[in-house]
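Notes to accompany the following structure.
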Amino acid sequence: LHLIQLIESNPCLWDRRHTFYRSTFRQNEAWEEIAAEVGQTAEFCQKKWRSLASSYRSVKSNLLKSMAPGSSSSSVAKPTWFAFEAMSFLQGTYEAVSPIDTDTTPEQKYRPTPSPPPPPVCQTTPPRTRAQNQKRRWNETNPPYSEVLKTLSEMQALSDKVAEVLSVPETEGTTFGMMAAKKLDSWSPVRRKKLILRFEKQLVAEEELRLLENHGIRLD
């Protein structure tokens, strides 16, 4: 009965007309205060209250059935449940709503219902603007004929240049150079460097001899 008295003194837990009836924070705070008063946990107090409220609803329902029109006074059930009088403060709220929802948590009970999304706004495009957009898209996907010819001409010029480079006949020197390059790549870096330096010196000596024989120029 002490638990019932404490809950009665906190109408935010059972009175729908109370300012903080829909405040989850205030209800949790009230349960914590009640739990500290009775020396139990808040979960225990809530479970106990749900059991008491369920019993009260059952007794109240039987009482109302026995008071149906046409029933004699002797047939009216007299509540014998020990907490019926103590919980009579729920009399005004019994018809409207149960004192506590046993199937939902406070968070589920007081969660705001999401508002439906706004209907889509139909936006119509003026015929003139729509035609301009279609023309712009056509121009983007279909370039002018002059630009097509210019692109083809540039591609042809590039193709001719590549063909010209590839059509240069190989000389004895280019053939030897490619063969020598492949051979050098297969050697170690040190040996390759020595042979390149030796070859460069031989080329310089041959060039000095050519200048002396053809032009009489000595590079000493």
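Structure notes:
- Footprinting exposure proxy ranking of C45, C12, fewest other C-beta atoms within 10 angstrom first, gives C12, C45.
- Each of V162, V38, V59 was scored by other Cβ atoms within 10 Å of its Cβ. Arranged with the fewest first, they read V162, V38, V59.
- For segment 172-215: rounded, prolate or oblate by the Cα gyration tensor [a/c cutoff 1.5]: oblate
- ³J(HN,Hα) computed for each position of segment 17-34 - Karplus, 6.51 cos²θ - 1.76 cosθ + 1.60, integer Hz, glycine/proline x: 7, 6, 4, 9, 4, 9, 8, 4, 4, 5, 5, 4, 5, 5, 5, 5, 5, 5
Read-outs: derived from the displayed coordinates by stated rules, not from any lab. Everything numeric in this text was worked out from a predicted model, so none of it was measured. Note that we place each Cβ from the backbone using ideal geometry, even for glycine, and neighbour counts take in every protein chain shown.
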